[in-house]
Amino acid sequence: MAAMPKTLERRLSDLPWPGIAGELTARGHVTTGPLLDASTCREVAAWYAEDARFRSRVVMERHAFGQGEYKYFDYPLPEEIATLRESLYRRLAPIANAWAEALGTGVTYPPTLEGYLDRCHRAGQARPTPLLLRYEEGGYNCLHQDLYGALVFPLQVTILLSDPERDFDGGEFVLVEQRPRQQSRAEVVRLSQGEAVVFAVRRPAETELPRRPSRVPPPRRQPPSPGPTIRPWHHFPRRDLI
């Protein structure tokens with residue numbers, strides 16, 4: 001797979017990023033179309049049996065997380081994983097910065113992953129967080145947010161490695177958004193093999209987004225409430241994700 005990082009970079013570069021930014025801001029998630037071909041998906045899924053690639057293994061039943069298991073990659077990351085992280089971060093950081101400004105958090109995100117990881121390491125968050133999930137028949141993952149410390153990038157990415165047309169029946173990736181002073185909203189995201197879903201951990205509420213200037217003075221606002229938060233839930237029998 002020597003050429004795969006270059007292919008990944010090209011595929012990511014070809015995505016309609018202004019449209020992706022708008023969809024993420026409006027809905028909290030967006031799918032990319034296939035980023036990995038079937039051969040690469042099978043190869044990455046096969047890594048699960050190679051313990052030397054990983055720093056730890058979690059069996060979800062032991063912690064009431066669901067039914068299945070996952071492993072955290074160790075450094076040095078596989079070249080494909082490193083390319084995905086670096087390329088995706090570079091394109092998502094401007095979106096994260098726009099959201100931080102709308103939320104008034106005072107946080108800014110560096111333009112490169114290297115800069116953000118340096119900040120994380122100085123804060124004591126030094127372990128790699130990419131992981132590979134495996135489910136068998138009937139497996140599922142409870143509603144959760146993957147947060148690993150005080151520093152949190154507001155966007156995450158999941159890629160489906162199995163083929164929903166061949167490898168399993170049923171199973172969905174579900175996002176539940178908790179909205180200020182409104183009922184929670186669930187959305188089902190159907191992925192094809194090699195396709196990614198980008199989703200928000202937290203994004204601005206509609207009332208916190210910048211508006212066009214108006215001639216009528218706006219009413220006094222209450223202190224801003226926390227923006228919507230999104231929790232993923234997946235139920236993927238015989239499915240691998242990264």
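See the values below:
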quantity	calculated
Efficiency of FRET between residue 6 and residue 172 - r from beta-carbon atoms, R0 35 angstrom, step 0.05	0.60
DSSP-assigned coil residues among GluC sites (Glu not before Pro) in segment 114-162, each with at most 12 further Cβ atoms within 10 Å	137
GluC sites (Glu not before Pro) restricted to segment 1-92 and DSSP loop, no more than 12 other C-beta within 10 Å	50
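No lab work stands behind these numbers, since they all come straight from the coordinates. Remember, it's a predicted structure, so these values are computed and weren't measured experimentally. Cβ: placed from backbone, ideal geometry, glycine included. Neighbour counts: every protein chain shown.
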